[in-house]
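Read the structure below first, then the notes.
The values are calculated or read from the model by the stated rules, or taken from the named source; none is laboratory data. Worth saying up front: this structure is predicted, and the values here are computed from it rather than measured. Because the Cβ atoms are built from the backbone with ideal geometry, glycine has one as well, and the counts that use them run over all protein chains shown. All accessible areas refer to the heavy atoms of the entire protein, side chains included, with ligands and DNA or RNA removed. Shrake-Rupley method; radii C 1.70, N 1.55, O 1.52, S 1.80 Å.
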Amino acid sequence: MIAIIGAGASGLVAALVAARHGAKVHIYEKNKKIGKKILATGNGRCNVTNRHIELSNYHGTNPSFVNPSLNRFDASACKFFFAELGVELVEGQRGRLYPRSLQSSSIVELLVYECRRLGVEFFLEQEVKNIKKKGDGFSLHVNDKSLHVKRVLVATGGLAMPTLGSCDSGYEFAKSFGHNIIPTHPSLVQLECREDLKSVSGVKVEGSIEVYEDGQNRTHATGDILFTNYGISGSAVLDVSRVVSHSLLYNRKISVKLDLLPEYSKEQLKNLLKKRLKHSNGKSIALWLDGFINSKLARFIEKSLHVNSADELNNKELTKLVYTLKNLTLNVIDTKGFKTAEVTAGGVSTDEIDSQTMESRLQKGLFFSGEVVDIDADCGGYNLHWAWASGYCAGMQISK
């Protein structure tokens, strides 16, 4: 018998694939519900995968570890896999693929149906406390009883979203067999800033963001930037948050520069603002900028200038205004942590896992897949695709 710990995305696919190849599979899940994190993905719509799956979308100590899984289970294979289950995928922005129903529950229900049809048994509210090597298999301590299994797949996920049941059990299982854990930190997470941004909370712009670590440019992204009471969020912010979170782990000084008007060069923006000055008519800076940028943002920007009226703007102040709009600088003091992070960076070292099979190199018969492994990805369906793909490879091997 095969035991899979965790009824999330990776565990469900692994169980389904292993059962298709004739294996007897039990899934142990400490939560009451199956696939709780799947249900929350894509704002409840489930961003199943992305049409543009590339190695560059993946991160970790050794990102190329994902190659065998992605080669076997690429975007086309993923679409075919779910089509067989009855899921039609439709494309959204930036290649993101969703179930046509736009309901995460569709994915969970059809995966569970197929697993049960193939004889997979689910044991809910059954927490695996520890795993020990015993004879030709493993002894699992589940709740208050022990059971013997031939092989084990650890698909427990990471630390992100603890309200959905995330915990560190997978890392503890790995450590008990001698595996190293790459330090974990939140990714795809909102950033807290030192500056008081309450006055612009709720303002969203389509812009770009650059991250500076101790004054050195580290990364950048474009997309939505959302101002909040605590700092900044939005797709562009989530895309750079992994680098920020990792730097904060080592107490680096982090600042970000926001380009609020990326469609204009500095010269184009300055010329445009000069033209607008012809119709300033004694307006305050905020009122003069109103209609060009968000009014809350206009009042926020006004505070950085030393003039009361647009009529008073000289060349020096106009240059400063352009710089502020193109390089609004904020100091990042923290992330919102695992509580709101979408994914965990770090995890079980990929040096100690066979990338072809997802089997431990330290203990035969022990497998790892999904978020518990030191692999994470960009926002846009890439993390969920890694869960499916690694679970698929593990399921293929664990059934042999």
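The table that follows gives values for the structure above.
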quantity	calculated
Residue-level accessible surface for Ile333, protein heavy atoms, 1.4 Å, Å²	90
Descending semi-axes in whole angstrom, ellipsoid equivalent of region 215-315, from the Cα gyration tensor	32, 14, 13
Where labels lie 7 Å past Cα in the beta-carbon direction, separation of Glu263 and Asp214 in nm	4.0
Neighbourhood net charge (12 Å Cβ-Cβ; Lys/Arg +1, Asp/Glu -1) for Leu249	0
Cα-based Rg and Dmax for region 265-334, where Dmax is the largest Cα-Cα distance (Å)	12.1, 43
Spin-label model distance (nm) - Tyr323 vs Tyr113, 7 Å beyond Cα toward Cβ	6.2
Net charge, Asp374 excluded, C-beta distance under 13 Å - Lys, Arg +1, Asp, Glu -1	-3
Asn143-Lys296 FRET efficiency (beta carbon distance; Förster radius 60 Å; 0.05 resolution)	0.70
Label-point separation in nm, Leu305 to Lys175, each point 7 Å along Cα→Cβ	5.6
Within region 1-20: backbone nitrogen closer than 11 Å to the Lys150 label point (7 Å, Cα to C-beta)	1-3
Highest-first arrangement of 294-306, 175-187, where packing means the average Cβ count within 10 Å	175-187, 294-306
Gain on full stretching of the segment that runs from His21 to Asn271 - 0.36 nm per residue minus C-alpha separation	83.3 nm
Descending semi-axes in whole angstrom, ellipsoid equivalent of region 3-56, from the Cα gyration tensor	23, 17, 8
Region 1-153: radius of gyration over Cα atoms, expressed as a fraction of 2.2 N^0.38 Å	1.12
Residues whose placed amide H lies under 5 Å from that of Gly92, excluding near-sequence neighbours	Leu97, Tyr98
Tail beyond 14 Å, pair distance distribution of region 182-261 (Cα, percent)	59
Table column - 3J(HN,Hα) (Hz), region 266-276, Karplus curve with 6.51, -1.76, 1.60, x for Gly and Pro	4, 5, 4, 5, 5, 5, 5, 5, 4, 5, 5
Under the Debye formula (equal points on every Cα, no solvent term), log10 I(q)/I(0) of region 29-110 at q = 0.23, 0.25 Å⁻¹	-1.13, -1.19
Order by protection proxy (mean Cβ within 10 Å, highest first), peptides 253-264, 81-92	253-264, 81-92
If the convex hull is drawn through the Cα atoms of region 123-175, its volume per residue in Å³	84
In sequence order, calculated HN-Hα J values of region 226-231 (Karplus, 6.51, -1.76, 1.60; Hz; x Gly/Pro)	10, 7, 10, 4, 9, x
For the chain, the spread of Cα positions along each principal axis, largest first, Å	84, 43, 34
Cut-off under 5 Å, modelled amide H: who pairs with Leu159 long-range	Thr344
Derived scalar couplings ³J(HN,Hα) [region 4-14; Karplus, 6.51 cos²θ - 1.76 cosθ + 1.60; whole Hz; x for Gly, Pro]	10, 9, x, 9, x, 4, 5, x, 5, 5, 4
Sequence-distant residues sharing a close amide H with Gly234 (under 5 Å, placed H)	Leu226
Highest-MSF residue in the chain out of Gly215, Gly291, Gly42 [GNM, Cα springs under 10 Å]	Gly291
